[in-house]
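Below is one structure, written out as structure tokens; the observations come after it.
The values are calculated or read from the model by the stated rules, or taken from the named source; none is laboratory data. These numbers come from a predicted model, not from an experiment. Every residue, glycine as well, gets a Cβ built from its backbone with ideal geometry; the counts of neighbours run over all protein chains shown.
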Amino acid sequence: MAAVAIQGLGHPRKRVEDARFIRGKGNYIDDMKLPGMLQVDIVRSPYAHAKIKAIRTDKALAVPGVLAVITGETLKQYNVHNMPTLMSDTQMVLPLDTVKYQFQEVAAVLGTDRYTAADGVAAVEVDYEPLPVVVDPFKALEPGAPKVRDDKESNHIWHWEWGDRAAADKAFDAAEVTVKENIYIPRIHVASIETCGCVAQWNATEGHLTLYMTTQAPHAIRTVVALITGHLGLSEEKIRIVSPDIGGGFGGKVPAYPGYVIAVALSIVTGAPVKWIEDRTENMAADSFGRDYHISAELAGKKDGTLTALRFKTIADHGYTDAAANPSKMPAGLFHIATGSYDFKNAFVEVDGVYTNKPPGGIAYRCSFRVTEAVHTIERMADLMAHEVGLDPADFRMKNFIKPEQFPYKSALGWEYDSGNYAGALQKAMDMVGYKELRKEQAEKRKRGEFMGIGISSFTEIVGAGPSKDFDILGLKMFDSCEIRVHPTGKAIARFGTKSQGQGHETTYAQILAEELGIPADHIKIEEGDTDTAPYGLGTYASRSTPTAGAAAAMAARKVRAKAKKIAAHLLEAAEEDLQWEQGKFFVKGSPDRAKTIQEIAFAAYTNHPQGMEAGLEAVSYYDPPNLTFPFGSYICVVDIDRGTGEVKVRRFVAVDDCGVRINPMIVEGQIHGGLAMGFAPALMEEISYDENGNIHGSNFTDYLLPTAVETPKWETGETVTPSPHHPIGAKGVGESATVGAPAAIANAVVDALWHLGVRHVDIPITPPKVWALLKEHGAALEE
Amino acid sequence: MQFAGTVTIDAPRAEVWKFLTDPHAVGRCAPGLESLEIVIPDKQFKAVAAVGFGSVSVKFSVDVEWVELDPPNRGKLKGRGSAPGSAVEGSSEMILRDLPNGSTDMDWSADVVVFGTIASLASRLMGSLTRRLTGDFFNCVKAKIEG
Amino acid sequence: MSTHHIQVKVNGAVKAAEVESRLLLVHFLRESLNLTGTHIGCDTTSCGACTVLWNGRAVKSCTLFAVQADGAELRTVEGLAQDGKLHPIQVGFHEKHGLQCGFCTPGMMMASVALLEANPKPTEDEIRWGLSGNLCRCTGYVNIVKAVQQAAEQMQG
Amino acid sequence: MDKTELPWNNPVVEANASAPAARLGQYAQPPLRNFGSIDPYNRISREAKDMIPPPFEYQAPTSVSEALALLGKNPEAKVLAGGQSLIPLMRFRLASPAMLVDLNRIGDLAYIKEGEGWLRIGAMTRESDLDQSDLIAKKYPLLADTTHVVADPLVRNLSTLGGNLAHADPANDHPATMIAYRAQIVATGPKGERTIPASEFFKGPFETALAPNELLTEIRIPAPGKGSGGAYVKMERKVGDFATAAVAVQVSLAKDGTLERVGIALTNVGLVPIQASAAEKALTGKKPDDAVLRQAADLAAKAAKPESDARGSEEYKRALVKTLTVRALRKAVARAQGG
């Protein structure tokens, strides 16, 4: 039999999970069918703020097949009408008397199938008394503004600040040059192609709940469900969460949504399995959103372009409840990575959270808890300062970058950056794109009245939540886990506390274990998502799987290896310290022929292990990272602007990423491609907005503009490799880098194209009407 | 959304007033009226109407109330309609003036707000459709009175 | 409420059923025939997750009533592999890493199959244009294009 | 409140699944009576995650006369052509027709033929068939341009030319094109056929000159002579989007190179497609030099009645009409000069 390849680190191994997906045999939540399963559908409010005067259910109950209609009052009898958010705020499952945003849940209809449930929803009559609506967080802070929450003092949720205010102010007072800009990063929605949903299955006989659901964090959800329902006797050992295949998460499948709780409640009272599946409108209009940060940013520097200080003041619009999916100990998450790739001596950031009549915001759209907001702001401001002092944006960055020899680098806002070579990445991107030639072309085109722009973003991320000093979820530390069992024949199964939503964990985790143990990746089965079998972990989001669970894989494998070494010593009749490891086997130093393979050792672990040693070859690791990882990169974007329509066309987009050691280069590149598309989209197309009555705009795919293959640029990718010094295999997270870094490159390119007209800033999404208005304002719009 | 206009109706003011304050008469100008029920005479009535254009059609239940009545000069009413997933709030004011030739000028204004599915799905058409419905209504009033 | 007796050929097999007139084709496939490889991603005929071949044409099965398919020949992702052998488009998506979460993949592959049957040697721009009725949130499309290119070459033989 | 103060140690009470939750109580036992025999591949259990249309009566006539009889008898019935606009409306319950009359089984309503000075297109001809027609690609570039940008390629496999016109969404693309072509729309009713000029067909948003008992059966486009050309230039936010604005232009040149016939119409800048008559007039008889084209574009922009919305301000859309008109005219003239 031919030897099976190990396919360890650096191998572009084809994905294992593809086998089912390309055959249409994936197992997504809506594919589940349980005998006797009922379907729940939800009545939602057309108003953004209203008193509920009456809910009339008689017509709905008369619809054949409709079994029940429940309201907040029904749930109140079980005290599950409210649930806590991760930020210790209160979120309604179903309201008792008031709705706070448009399309909020009002009542739930249980039917024998979705068609009847939908008919039931259409037949429920609700009397509302509309209340004043506030959707603008600045207006919400004004005295006399309509109050969103009766149980709170005001619409102001919290104030949070970080850094040395006095020192920053002093540096600003002394600055030779300052720049200031107001930057709005609008609400956007992850819009994974699969919406959220669940099947709740209550077993009354055994008093046990199985909840199949679209969650990125099954274990954390189990604990949260137990917190909500513990008083009903539904404690944690009686709950099993199963996360089947997930059709894209991007942060949107981290929170607990009311629909899940409603399905659980209905399953408990009916004894039947209950399915809840969102339609697209519900997903877009009622699930958590990302961003919605209003930032007033200032930089101070010297005339020669040296940066000296940073001040960012921010209003964060959190909607009606503070439900940010943010396990950090800071209310604004990791926003204080705002100094980015630059060596600032002084920095100060402050953020104020505000309630408005909108759905709960604050999930991280493919980003690590407000990193995108920070990166976008610092990268936009860097360009502003570069232009202000008359430096090329590339030269300006080179001048201010943290230098490779400064790592580990302590930032003015307190982070310790693990490793980096920012100039290297930027230089590589400039070489790839042909930066000098492009600048020449730009100058020539400008003379002919054609506007092209070149934009750079040299971002630094902060991912891998996270060290216990900075993170917890309801007190739970942010470790993640791997449990590996090597079978007697040398094959293995490994289970993790994370949950892939397309990242390819089944493929890459096996590669880490293969590298560490020398067992071919094809012989290692990876499982995730079932809380009854997997070790406890905090889940997959914020690019944390590789930094935490990936590290746990290496650590668990090393524990297995340590035991294997003892068995090998026994088998080879040698002292442990005389053995040397070479991938897949131990041999006696100096006698390479005296060796035992990992397979032989595994067999011995069950058949011939040393006396006094327990049988078996398995280990579990719960890895609490000592620090976050700091992936970085430099992106260069080239745009052409149509002066007659305002259209921005991305001609080139070069992305050089450094995520440390790459486990599977094919998958890493795929993650970057996808991340770039989700950076491109908010930069030019995606936005959720509200009119003054609280009507949402962008609640479906005709108005929320996901780019197709036609709009999406043809990405060009490159890499540098600067390993993380503290991660067991030197890897950093990569799933979100491109989403975090790309928007600023595009925005900078557009402003670069129009700078000579006097344009200094444009908020994303940079739509044709916005660009055209800028052209018009500066006398450069054409009508041909 | 606020709209306003003036129509000249070839009828005396008292006749115009009578028409306007008779729900059954006015109802003939409501788009797709299916039923009408007077709750409190000269004060409150309920209607069900299918509002639509071509293949687009949504059935609303509407509660209407006269909030100001100054016969035969000025009247103001408020309405609230609901359809599954959508709602509409509106108010309208009508001021009548005698013209020297015995006809009546009616200055009307309307303020309409749409909420929910319709507002978020059909936003591109909301302004123009509502304006048109409102305009059609007052033109219909003129036509019916002039008979 | 009217119901209708329909007969369709799905992936080569004849299926008959009694359907309510409002039953959408995608629900008929997923629920009645248990062909859950065809997915649903939106309410507005925008995303293409539900793409199937209807008499050889790629259509969005969420915007077609099952009753309209009476007598039609349908092909879904489950019918791509023949005799246990993967279709070149399946091989292409796997080898070029043209999928991540896999949710849009069946629709994307069905649209690609129709595209290649109509145009065996598409340019990159023709591929992008031909797939513009299908949304993918994971891949950034680059590898999907490569997958279709590889399938095109393989189908040329 | 500090995070760790959450109710970790809530007093555990007895699970009380059978509490008298109004109507729910009776379902404390598994409601198996609602299910017959349950087989795992149960037929049409229909649970689904999607917007569900209301019930309706479905009829699928196989001839025009049968269809007309159904429409005559059922004034509440709606016609189902490609369904790509109507079915989404029904899923949102913004349309609730009591009956659908499906034209998809009337085989002889799908054709593309040319003769006697006209291009005749059957109402049920699908966009993708127009898109793939060599005749249209060669001789009717305005129609080819238009059909290529209607929705997306998959939608075009079902959507029909007749449906696009009869639905009369002001954002639909074909109405302006048909006006620019001076096309005729054939309506068939109980008393036979009548033709309606495209410019008189669109009465309001979603409203046409068709009577409730009439069917749109054919579209007739005058066959262009030598020296003709056309173009449709559309600004859309992404593939599949409705136009922010679009302009349809059809021109023919006299032997001396002057413009002999000019058709210009605008998409989605008013409640109906707008014929830019003043612009057409200003061009007729002129040499198509750039100054003349720009002047006409100015007039087209003046004819537009756009409203501000998410696609742009009124000012932007008006300017866009000018830009797109210049571009469409240049393209159309170049095509006319080339062929």
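Screening the stretch A:690-700 for residues that are in contact with a helix residue (DSSP H, G or I) (Cβ under 8 Å, 6 or more places away or on another chain) and surrounded by fewer than 23 Cβ atoms within 10 Å (Cβ to Cβ) and picking the one that is farthest from the other protein chains (Cβ to nearest Cβ) gives A:ASP691. Within the stretch D:87-102, does at least one residue satisfy the condition of being under 26 Å from D:MET235 (Cβ atoms), away from chain C (no Cβ under 11 Å) and out of contact with any strand residue (DSSP E or B) (no Cβ under 8 Å at 6 or more places or on another chain)? The answer is no; no qualifying residue exists. Taking the criterion of being buried (at least 18 other Cβ atoms within 10 Å of the Cβ) and either closer than 14 Å to D:PRO170 by Cα or modelled with pLDDT of 85 or more (or both), the residues of the stretch B:131-141 that qualify are B:THR134, B:PHE138, B:VAL141.
Being surrounded by fewer than 19 Cβ atoms within 10 Å (Cβ to Cβ) and within 13 Å of chain A (Cβ to nearest Cβ) is a condition met by at least one residue of the stretch B:45-53. Residues considered: A:VAL710, A:VAL759. Of these, the only one that is within 14 Å of chain C (Cβ to nearest Cβ), over 21 Å from the mean Cα position of the chain (by Cα) and free of Cβ contacts under 8 Å to residues at least 40 places away in the same chain is A:VAL710. Considering the conditions (1) surrounded by fewer than 20 Cβ atoms within 10 Å (Cβ to Cβ); (2) of a type outside the set (Lys, Arg); (3) under 13 Å from B:GLU89 (Cα atoms); (4) within 11 Å of chain A (Cβ to nearest Cβ), B:ALA122 is excluded by exactly one of them, (3). If you go through the stretch A:423-438 one residue at a time, do you hit one that is in the same structural domain as A:ALA744 (by TED's automatic domain parsing), part of a strand (DSSP E or B) and either under 32 Å from the mean Cα position of the chain (by Cα) or within 23 Å of A:ARG380 (Cβ to Cβ) (or both)? No, the stretch A:423-438 contains no residue that is in the same structural domain as A:ALA744 (by TED's automatic domain parsing), part of a strand (DSSP E or B) and either under 32 Å from the mean Cα position of the chain (by Cα) or within 23 Å of A:ARG380 (Cβ to Cβ) (or both). Residues in the stretch D:296-320 that are more than 9 Å from chain A (Cβ to nearest Cβ) and within 15 Å of D:VAL247 (Cβ to Cβ): D:ALA296, D:LEU299, D:ALA300, D:LYS302, D:ALA303, D:ALA304, D:LYS305, D:PRO306, D:ARG318. Which of the residues spanning the stretch B:113-147 are among the charged types (D, E, K, R) and touching a strand residue (DSSP E or B) at 6+ places or on another chain (Cβ under 6 Å)? Listed by number, the residues that qualify are B:ARG124, B:ARG131, B:LYS142.
Look at (1) out of contact with any strand residue (DSSP E or B) (no Cβ under 6 Å at 6 or more places or on another chain); (2) part of a helix (DSSP H, G or I); (3) closer than 30 Å to A:SER45 by Cα and you find that A:GLY694 fails only one, number (2).
Return the residues of the stretch A:571-629 that are over 28 Å from A:GLY550 (Cα atoms), touching an Asp or Glu at 6+ places or on another chain (Cβ under 6 Å) and surrounded by 15 or more Cβ atoms within 10 Å (Cβ to Cβ); say none if nothing qualifies. Result: A:VAL588, single match.
On inspection, A:LEU9 qualifies as under 27 Å from the mean Cα position of the chain (by Cα) and either part of a loop (DSSP other than H, G, I, E, B) or in contact (Cβ under 8 Å) with a residue 24 or more places away in the chain (or both).
Tell me the strands (runs of 3 or more DSSP E) entirely within the stretch D:132-240 that contain at least 3 residues that are buried (at least 22 other Cβ atoms within 10 Å of the Cβ) and within 17 Å of the chain's Cα centre (by Cα). Reasoning before the result, please.
Values: elements: D:184-189, D:192-197, D:202-204, D:215-222, D:228-236.
Where strands (runs of 3 or more DSSP E) fall fully within the stretch D:132-240 and carry at least 3 residues being buried (at least 22 other Cβ atoms within 10 Å of the Cβ) and within 17 Å of the chain's Cα centre (by Cα), they are D:215-222, D:228-236.
Across the stretch D:71-95, what is the total count of residues that are closer than 17 Å to D:PRO212 by Cβ and either surrounded by fewer than 20 Cβ atoms within 10 Å (Cβ to Cβ) or among the polar types (S, T, N, Q) (or both)? Going through the stretch D:71-95 one residue at a time, the tally reaches 5.
When A:ARG222, A:ARG240 are checked against the criterion of being away from every other protein chain (no Cβ under 13 Å), farther than 21 Å from A:THR90 by Cβ and surrounded by fewer than 24 Cβ atoms within 10 Å (Cβ to Cβ), A:ARG240 stands alone in meeting it.
Just one of A:ALA50, A:ALA54, A:ALA108 is within 21 Å of A:LYS152 (Cα to Cα), touching a strand residue (DSSP E or B) at 6+ places or on another chain (Cβ under 8 Å) and away from chain C (no Cβ under 14 Å); which is it? Outline the logic, then answer.
Working: A:ALA54 fails: within 21 Å of A:LYS152 (Cα to Cα); A:ALA108 fails: within 21 Å of A:LYS152 (Cα to Cα).
So the residue among A:ALA50, A:ALA54, A:ALA108 that is within 21 Å of A:LYS152 (Cα to Cα), touching a strand residue (DSSP E or B) at 6+ places or on another chain (Cβ under 8 Å) and away from chain C (no Cβ under 14 Å) is A:ALA50.
Considered as a group, the residues in the stretch A:472-507 that are touching a strand residue (DSSP E or B) at 6+ places or on another chain (Cβ under 9 Å), among the polar types (S, T, N, Q) and touching a residue at least 60 places away in the same chain (Cβ under 8 Å) include one that is nearest to the other protein chains (Cβ to nearest Cβ), and that residue is A:GLN501.
Pick out the one residue from A:ASP30, A:ASP18 that is in contact with a helix residue (DSSP H, G or I) (Cβ under 6 Å, 6 or more places away or on another chain) and acidic (Asp, Glu).
A:ASP18
Filtered by the rule that a residue be surrounded by 24 or more Cβ atoms within 10 Å (Cβ to Cβ) and either farther than 16 Å from A:VAL650 by Cα or within 10 Å of another protein chain (Cβ to nearest Cβ) (or both), the stretch A:674-685 gives A:GLY674, A:GLY675, A:LEU676, A:ALA677, A:MET678, A:GLY679, A:PHE680, A:ALA681, A:LEU684. If you filter the stretch A:29-47 down to residues that are hydrophobic (A, V, I, L, M, F, W, C) and more than 7 Å from every other protein chain (Cβ to nearest Cβ), you find that the one that is nearest to the chain's Cα centre (by Cα) is A:ILE29.
Quickly run through the stretch A:270-294 and pick out the residues that are closer than 22 Å to A:LYS76 by Cβ and crowded, with 24+ Cβ neighbours inside 10 Å. Within the stretch A:270-294, A:THR270, A:VAL274, A:TRP276, A:ALA286 qualify. Within the set A:GLY8, A:GLY26, the sole residue that is at the interface with another protein chain (Cβ under 10 Å from one of its Cβ atoms) and either surrounded by 19 or more Cβ atoms within 10 Å (Cβ to Cβ) or closer than 21 Å to A:ALA265 by Cα (or both) turns out to be A:GLY26.
Please find, within the stretch A:199-219, the residue that is nearest to the other protein chains (Cβ to nearest Cβ) out of those that are in contact with a strand residue (DSSP E or B) (Cβ under 9 Å, 6 or more places away or on another chain) and of a type in the set (Ser, Thr, Tyr).
To start, the set of residues in the stretch A:199-219 that are in contact with a strand residue (DSSP E or B) (Cβ under 9 Å, 6 or more places away or on another chain) comprises A:199-203, A:208-215, A:217-219.
Imposing the further condition that a residue be of a type in the set (Ser, Thr, Tyr) reduces the set to A:210, A:212, A:214-215.
Values: A:THR210: 15, A:TYR212: 14, A:THR214: 11, A:THR215: 14 Å.
My answer is A:THR214.
Of the residues making up the stretch C:120-151, those that are more than 23 Å from A:VAL668 (Cα to Cα) and at the interface with chain D (Cβ under 10 Å from one of its Cβ atoms) are C:TRP129, C:GLY130, C:LEU131, C:SER132, C:GLY133, C:ASN134.
Quick test of your reading of the structure: B:GLU65 fulfils all but one of (1) surrounded by fewer than 21 Cβ atoms within 10 Å (Cβ to Cβ); (2) part of a helix (DSSP H, G or I). Name the failing condition by number. B:GLU65 satisfies every listed condition except (2).
Selection of the stretch C:93-143 for residues being out of contact with any Leu (no Cβ under 6 Å at 6 or more places or on another chain), among the aromatic types (Phe, Trp, Tyr) and without any contact (Cβ under 8 Å) to a residue 60 or more places away in the chain yields C:TRP129, C:TYR141.
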